[in-house]
Amino acid sequence: MNSRLNLPSESEIRQVLELDQEKLPGFPQAARQLIEKSRDETASLKDLSGIMETDPGISAQILKIVNSAMYGLGSKVATLSDAVIFLGLDEVRKQALGVSMFKHMFKNGGSGQFDRLLFWRHSLAVAVLGLEIARETGYGNPEEAYIAGLLHDVGKLFLDLQGKEDYGEFIRTLSATTDLVIESERSRIGLGHDDIGAYFCAGWNLPEKLVAAVKYHHQPFAHTDLSTEDKVLISIVSLADFICWTQGMSSFDFIRPPVLAPEVERILDLDQIDIIRCIKAMNREVEHISAFYQFAFPSAGQLKENLLWANLRLSRLNTRYYYEETPLPEAGDTDRDRARYLESEFGKPLARAKSVKEVLDIVMYQIGRIFNPRNWSILLKDPKADNLVFSVVVGENKKKLQGAKLPKGEGIAGYIMETGESLIVEDVSKDKRFSRRVDAHTGFQTRSIIGTPLKTGDKTLGVIQLINRNREDLFRKKDMDLLASIAEYAAIAIERSYYTQALTNLATKDALTGLKNRWSFERAAGNKVEFKIRYGSIFSMLIITVDDLGRLLREKGQRARDAGLRDLVRIINNTKRRDDTLFRYGENIFLMLLPLTYSDGSEKTKDRIEDAVSLAVSKGKLPPLSVTIAHHTLSSEETGTFTDLVDRHLAAPKQDENDGRIAGIEENLQPLVEKEGKSADDGQGKRKGSGKSVSLVGHFIHPKTGRSVSIRVIELSLNAIAFTIQKPGVLHPNDFLDVQFVLDDLKRSVIKRQVIIRKTDGNSIQGDFYNPPPYAKNLGFYLIR
């Protein structure tokens, strides 16, 4: 088996493990016999009972699981024979196998950094999901997939218990990077957990197909002479492991984007597998059994399906770039160089982005770095018409283009949107598809364009378009190919961020009013440390009950009732202070938290709200509603009594049901980007004003002579600069400079930027930073001092 599966030798194992026999976990005899019986179609209850009798306590533990809420049996099961009658022999044997392995191998020992319960949760999740996928694909013995799932990461146990390098420290340092776990193990430790686990599984004389699944769940295996059935089992375990990581069911307390071996997609037809059904089945079983094994089960969001598919496509994309031949961005680059570059510059930053705006900031910044275009844009589809909207614009004349609309099919971008194909136009004067209306509107002179669609699955979200290189060069085909690769990453990241934001809003906000909901309130109250920081040691709470809401519903209907609630919330929000927080706790119940507020302050807020509501009703701006308000002044140490306090004043509040639906990304993306962009602009305007007056020394490189010219910076913002030079007439509008200056902060930070000149007035120059980084910490902190 060792030569057939290319397992590591004992000497190679000894280079990374101590191999102290007294500390090494052995494979439980009961588990070994259960595995053997899993392949025996004639196995009986008597055989199962005999095996369990060799391991005291297993029968009692199995009965505890069987009688748990997981199975929801109507009467208590007292014997194994009754359990088999209710659940079947395979199900009881499956649980017995898990209990035996957990008790003898997974439960105790090792470093504190390696959380055994987290690890066991992952192993169980992979096992259950593998079992469900095996059933979906018609694999001959689905229980083998369950067993392989339990064992697939067993090598991590040996690294933790016997590793010559501290595995707990390895995990700690790995958590601060974005490197793949398996590659870090091989480079730092010498062997990966897959090879180590397979070595010991072979030593325990487990079936070869199980050993192969452990060894190859992170490795390509098409080159091996394994049977088709063995390769299917490896693929099932690899896919189950990958999905569990994307769903937050990992063996560590951090997430790493997994990489599937390319043959997994060729062996398993992913489109024919009901992944969502499998996920739900896994969620149910692992959640129910979590109480027995005493680990926490992560809450499942209502949009988990969307997040799963977005992550699935992203990781499949990573796989293609990692293994397959693709066009090269630069001469001499290898396929892996290109894949690593894309992963490093786009895949990893995009995976960390928490909003659509962050995704777009990263994409636009990196495009500027790589291609040096004079102007580049993301055009998104207008949901109200068939137009394309210049939603994100960077570079020259961006203010004139921002928000402009391009009719359906017009111009290069319109052609790309309609055909779904990338396009390069090296000389627009020779291409009839080019629309000159945009140049006429902006005063820009377009020479060369490349563009590519933003596509994810069967949805085309918009177009990325680049115009003119800064150094007069034309765009080439290799630029178009690289831009198309970037657009694939970007589209998937946009979709994932969109649904992540939607999921967060769905979980934390009331759909009707947009206020934080009851779950948000209880979460805030549950963290005493953060609550004290946010609201102070002493604070007040208002309990606001909306009267006559039921009458309004009966007399005027649902729409009138909903409109009345929204108007009421608007009025209350107008009366509260900036730091006060309003929650919708129930159908007609609102809570307001007032930080650092004593009883006299809360009394004034109560009166202010009541007066505002009465005035709005009297002027006809609000339906005939009234509010009853109770106010309480509390200590932050009393956060645990919040819900009790609310319950004493109110009947159990009914929360409006959220239907869990959101607008599709194609219909809602452009308005979301427009809204986020406006919020960002408003926020920057409030923080920055017209710029900060400074007196800083610097220089630029003259674009024609290449000489260094001294400057004095007199005004500065995150996006623009004003400076003076000694000799006027040296610079002209649209000149492109490399500028460097030194801040007068403690670090004497050196800022390097490219600048496009906007205006000259004698020796006074105004310019915009070309492609400023989205997160410029040194300059950002300096400007807000």
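The values are calculated or read from the model by the stated rules, or taken from the named source; none is laboratory data. Everything numeric here is computed off the predicted structure, so don't read it as measured data. Quick reminder, even Gly has a Cβ in these numbers, built from the backbone with ideal geometry, and neighbours come from all protein chains shown. Ligands, DNA and RNA are excluded from the accessible area calculation, which covers all protein heavy atoms including side chains. Shrake-Rupley method; radii C 1.70, N 1.55, O 1.52, S 1.80 Å.
I'd like to check which strands (runs of 3 or more DSSP E) are fully inside segment 560-637 and have at least 1 residues that are open to solvent by 40 Å² or more (accessible area, probe 1.4 Å) and touching a residue at least 40 places away in the same chain (Cβ under 8 Å).
626-635
Considering only segment 203-300, give the helices (runs of 4 or more DSSP H) lying wholly within it that have at least 3 residues that are at pLDDT below 85.
Of the helices (runs of 4 or more DSSP H) lying wholly inside segment 203-300, those with at least 3 residues that are at pLDDT below 85 span 228-246, 275-293.
Within 32 Å of the chain's Cα centre (by Cα), of a type in the set (A, V, I, L, M) and open to solvent by 10 Å² or more (accessible area, probe 1.4 Å): does that describe ALA213?
Working: within 32 Å of the chain's Cα centre (by Cα): yes; of a type in the set (A, V, I, L, M): yes; open to solvent by 10 Å² or more (accessible area, probe 1.4 Å): no.
So ALA213 fails the test.
Within segment 356-414, count every residue that is hydrophobic (A, V, I, L, M, F, W, C), assigned to a helix (DSSP H, G or I) and over 21 Å from PRO774 (Cα atoms).
2
What are the residue pairs meeting all of these: first residue in segment 523-551, first residue at positive phi, second residue part of a strand (DSSP E or B), Cβ atoms under 7 Å, and 6 or more apart or on different chains?
Pairs found: GLY536/PRO595; ASP548/SER626.
Of all residues in segment 729-747, how many are modelled with pLDDT of 90 or more, assigned to a strand (DSSP E or B) and in contact with a Leu (Cβ under 9 Å, 6 or more places away or on another chain)?
2
Can you tell me how many residues within segment 113-124 are open to solvent by less than 10 Å² (accessible area, probe 1.4 Å), assigned to a helix (DSSP H, G or I) and more than 20 Å from CYS201 (Cα to Cα)?
Taking segment 113-124 and keeping what is open to solvent by less than 10 Å² (accessible area, probe 1.4 Å), we get 114, 119-120, 122-124.
Of the ones still in play, those that are also assigned to a helix (DSSP H, G or I) are 119-120, 122-124.
Filter again for more than 20 Å from CYS201 (Cα to Cα), leaving none.
Residues flagged as open to solvent by less than 10 Å² (accessible area, probe 1.4 Å), assigned to a helix (DSSP H, G or I) and more than 20 Å from CYS201 (Cα to Cα) within segment 113-124 amount to 0.
Residues of segment 168-208 being in contact (Cβ under 8 Å) with a residue 60 or more places away in the chain, buried (at least 16 other Cβ atoms within 10 Å of the Cβ) and of a type in the set (Gly, Ala, Ser), which ones?
Correct list: GLY190, ALA198, ALA202.
Is there a residue in segment 455-476 that is open to solvent by less than 10 Å² (accessible area, probe 1.4 Å), under 26 Å from LEU669 (Cβ atoms) and not aliphatic (A, V, I, L, M)?
For segment 455-476, residues open to solvent by less than 10 Å² (accessible area, probe 1.4 Å), under 26 Å from LEU669 (Cβ atoms) and not aliphatic (A, V, I, L, M): present.
Would a scan of segment 708-729 turn up a residue that is within 36 Å of the chain's Cα centre (by Cα), farther than 24 Å from PHE371 by Cα, open to solvent by less than 60 Å² (accessible area, probe 1.4 Å) and in contact (Cβ under 8 Å) with a residue 40 or more places away in the chain?
Residues of segment 708-729 within 36 Å of the chain's Cα centre (by Cα): 716-721.
Then drop every residue that is not farther than 24 Å from PHE371 by Cα, which leaves 716-717.
If we keep only those that are open to solvent by less than 60 Å² (accessible area, probe 1.4 Å) as well, we get 716-717.
Next, from what is left, pick out any that are in contact (Cβ under 8 Å) with a residue 40 or more places away in the chain: 716-717.
Yes: one or more hits.
Pick from segment 142-167 the residues that are in a loop (DSSP other than H, G, I, E, B) and of a type in the set (Asp, Glu): which of them is least open to solvent (accessible area, probe 1.4 Å)?
ASP153
Condition first: in a loop (DSSP other than H, G, I, E, B), in contact with a strand residue (DSSP E or B) (Cβ under 7 Å, 6 or more places away or on another chain) and among the small types (Gly, Ala, Ser). Now tell me which residues in segment 422-464 satisfy that.
Correct list: SER422, SER448.
How many residues, within segment 394-427, are under 30 Å from the mean Cα position of the chain (by Cα) and open to solvent by less than 10 Å² (accessible area, probe 1.4 Å)?
2
Out of curiosity, is ARG523 at pLDDT 85 or above and either surrounded by fewer than 17 Cβ atoms within 10 Å (Cβ to Cβ) or acidic (Asp, Glu) (or both)? Don't jump to the end; show me each part of the working.
On the way: at pLDDT 85 or above: no; either surrounded by fewer than 17 Cβ atoms within 10 Å (Cβ to Cβ) or acidic (Asp, Glu) (or both): yes.
No; evaluated as a whole, the condition is false for this residue.
Are any residues in segment 468-495 farther than 19 Å from GLY420 by Cα and in contact (Cβ under 8 Å) with a residue 40 or more places away in the chain, and if so, which ones? Reasoning before the result, please.
Taking segment 468-495 and keeping what is farther than 19 Å from GLY420 by Cα, we get 468-476.
The answer is ASN468, ARG469, ASN470, ARG471, LEU474, PHE475, ARG476.
Of everything in segment 537-558 that's open to solvent by 30 Å² or more (accessible area, probe 1.4 Å) and of a type in the set (A, V, I, L, M, F, W, C), which residue is nearest to PRO623 (Cα to Cα)?
LEU553
Say we look at segment 748-784 and pick out the residues that are among the β-branched types (Val, Ile, Thr) and not in a loop (DSSP other than H, G, I, E, B); which of these is surrounded by the most Cβ atoms within 10 Å (Cβ to Cβ)?
Initially, segment 748-784 is screened for residues among the β-branched types (Val, Ile, Thr), giving 750-751, 755-757, 760, 765, 784.
Keeping just the survivors that are not in a loop (DSSP other than H, G, I, E, B) gives 750-751, 755-757, 760, 765.
On the way: VAL750: 11, ILE751: 19, VAL755: 21, ILE756: 18, ILE757: 18, THR760: 18, ILE765: 26.
Applying the filter and picking the extreme gives ILE765.
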